[in-house]
Each structure stands twice: as C-alpha cells, then as structure tokens.
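Only one structure is covered here, and it is reproduced in the block below.
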C-alpha cells in the first residue's frame with residue numbers, strides 16, 4: 001500500500017454528508033430495471049470499472065486498499081455492487097454498504113462517455129431505490145472534487161445536507 005500512497009497526496013477537501021429525505025416509493029416508481037446486482041465481483045474487473053468511472057474525479061478509496069482487503073470487502077454480505085445500464089450497455093455503477101438500519105451509497109457514477117446524456121437523476125434515484133428498499137435510512141457523501149453538478153443533483157433528488165466538513169483525503173499528484 002505504501003507504493004500506491006506514494007503516487008497520491010493528502011489534501012483538504014470540502015465534503016458534504018447528505019441523507020435522503022424524499023420518498024423511497026417515488027424512487028421505486030423510477031425504472032429500476034436498469035440496475036443489476038453484481039454478485040461476487042472479481043477484483044480486477046471491479047477495479048477496471050471503478051477506475052474508469054472515478055478517474056476524472058480522483059477516486060482513490062478502493063485503489064488504496066490491498067487486493068486482499070478489496071476482495072474481502074467486495075465479498076462482504078454488507079457490500080453490494082450494482083451495475084447500471086442504458087439499454088444493454090454498461091453506463092455506470094453504484095456501490096452500497098448496509099449497516100444496521102441504514103445504507104450508505106458509497107460510490108455512484110457514470111462512465112465518462114455517458115456523462116451529460118441525462119442519466120444522472122435516473123442513476124441516483126435507482127441507487128436510492130435499491131439502498132432503501134427495506135426502509136433503511138439512505139445517506140451518502142460528496143465533495144468539491146466530484147462532478148460540478150453532483151451536490152445540486154443530490155439535492156434535486158431529495159437529499160438534504162446533514163453535515164459539512166473539510167477532510168484530508170488522498171488525491172493523485
């Protein structure tokens with residue numbers, strides 16, 4: 001892990017923590033046929049998709065884990081990876097972590113070629129529907145380094161800001 005961390009630097013990042021305050025039933029009304037649970041994702045394939053989606057936003061969370069740590073996390077019963085499709089083409093993914101009566105949307109994003117094609121709200125609402133399908137509290141965090149419209153899109157989808165912090169995070173040099 002030290003070799004990987006040497007390619008990154010820790011910087012202050014403004015981060016917002018949001019909770020879904022809308023109605024899960026309204027999200028369920030959206031087409032959730034576009035999401036498919038990815039059972040037992042293989043580490044290499046997961047990292048390929050994660051990197052494609054997150055590269056332009058500087059995602060590092062999964063890259064800083066050892067392969068063993070990531071494999072264990074991906075196989076954990078609390079962790080769910082969902083592939084998001086437009087028609088028959090992979091357009092992005094989201095990842096959920098369930099803990100007690102709440103679910104965090106840990107990662108959510110579109111592949112670069114799908115950004116700007118009007119899928120953002122559908123992706124968010126589909127992730128909320130899957131995360132809250134058992135009535136759990138749904139939450140996520142976003143930061144100033146995400147897509148410039150990320151925070152606005154989450155608020156439009158029914159999330160409210162619960163907290164805001166500046167955190168030290170690893171980003172590519």
In region 111-129, anything in contact with a helix residue (DSSP H, G or I) (Cβ under 9 Å, 6 or more places away or on another chain), closer than 23 Å to residue 19 by Cβ and in contact (Cβ under 8 Å) with a residue 40 or more places away in the chain is listed as 125, 126, 127, 128, 129
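I'd like the full set of residues that are crowded, with 16+ Cβ neighbours inside 10 Å, in contact (Cβ under 8 Å) with a residue 24 or more places away in the chain and not in a loop (DSSP other than H, G, I, E, B), limited to region 35-56.
Within region 35-56, the first condition is being crowded, with 16+ Cβ neighbours inside 10 Å, and the residues that meet it are 35, 38, 41, 43, 46-47, 49-50, 52-54.
Then drop every residue that is not in contact (Cβ under 8 Å) with a residue 24 or more places away in the chain, which leaves 35, 38, 41, 43, 46, 49-50, 52-54.
Hits for region 35-56 are 35, 43, 46, 49, 50, 52, 53, 54.
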Selection count, region 15-25, where residues are touching a residue at least 12 places away in the same chain (Cβ under 8 Å) and not in a strand (DSSP E or B): 4
Close pairs from region 136-150: first over 19 Å from residue 96 (Cα atoms), partner assigned to a loop (DSSP other than H, G, I, E, B), Cβ under 9 Å, at least 6 apart: 145/58; 147/115
Only listed residue being at pLDDT below 95, under 24 Å from residue 24 (Cα atoms) and touching a strand residue (DSSP E or B) at 6+ places or on another chain (Cβ under 8 Å), chosen from 61, 120, 135: 120
Within region 82-97, considering residues that are closer than 21 Å to residue 160 by Cα and out of contact with any helix residue (DSSP H, G or I) (no Cβ under 8 Å at 6 or more places or on another chain), the one surrounded by the most Cβ atoms within 10 Å (Cβ to Cβ): 95
Pick from region 62-81 the residues that are touching a residue at least 24 places away in the same chain (Cβ under 8 Å) and surrounded by fewer than 13 Cβ atoms within 10 Å (Cβ to Cβ): which of them is nearest to the chain's Cα centre (by Cα)? 75
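Residue check: is residue 172 modelled with pLDDT of 95 or more, within 20 Å of residue 63 (Cα to Cα) and either surrounded by fewer than 18 Cβ atoms within 10 Å (Cβ to Cβ) or out of contact with any strand residue (DSSP E or B) (no Cβ under 7 Å at 6 or more places or on another chain) (or both)?
Details: modelled with pLDDT of 95 or more: no; within 20 Å of residue 63 (Cα to Cα): yes; either surrounded by fewer than 18 Cβ atoms within 10 Å (Cβ to Cβ) or out of contact with any strand residue (DSSP E or B) (no Cβ under 7 Å at 6 or more places or on another chain) (or both): yes.
Considered against the rule, which asks whether it is modelled with pLDDT of 95 or more, within 20 Å of residue 63 (Cα to Cα) and either surrounded by fewer than 18 Cβ atoms within 10 Å (Cβ to Cβ) or out of contact with any strand residue (DSSP E or B) (no Cβ under 7 Å at 6 or more places or on another chain) (or both), residue 172 comes out as no.
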Failed condition for residue 37, given (1) under 26 Å from residue 148 (Cα atoms); (2) touching a helix residue (DSSP H, G or I) at 6+ places or on another chain (Cβ under 9 Å): (1)
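What tally of residues in region 90-135 results from selecting those that are in a loop (DSSP other than H, G, I, E, B) and either over 13 Å from the mean Cα position of the chain (by Cα) or on the phi > 0 side of the Ramachandran plot (or both)? Write out each step before concluding.
To start, the set of residues in region 90-135 that are in a loop (DSSP other than H, G, I, E, B) comprises 100-101, 111, 115-119, 132-135.
Applying the additional criterion that residues be either over 13 Å from the mean Cα position of the chain (by Cα) or on the phi > 0 side of the Ramachandran plot (or both) yields 100-101, 115-119, 132-135.
Total meeting the criteria: 11.
The values are calculated or read from the model by the stated rules, or taken from the named source; none is laboratory data. These numbers come from a predicted model, not from an experiment. As a convention, Cβ positions derive from the backbone with ideal geometry for all residues, glycine included, and neighbour counts pool all protein chains shown.
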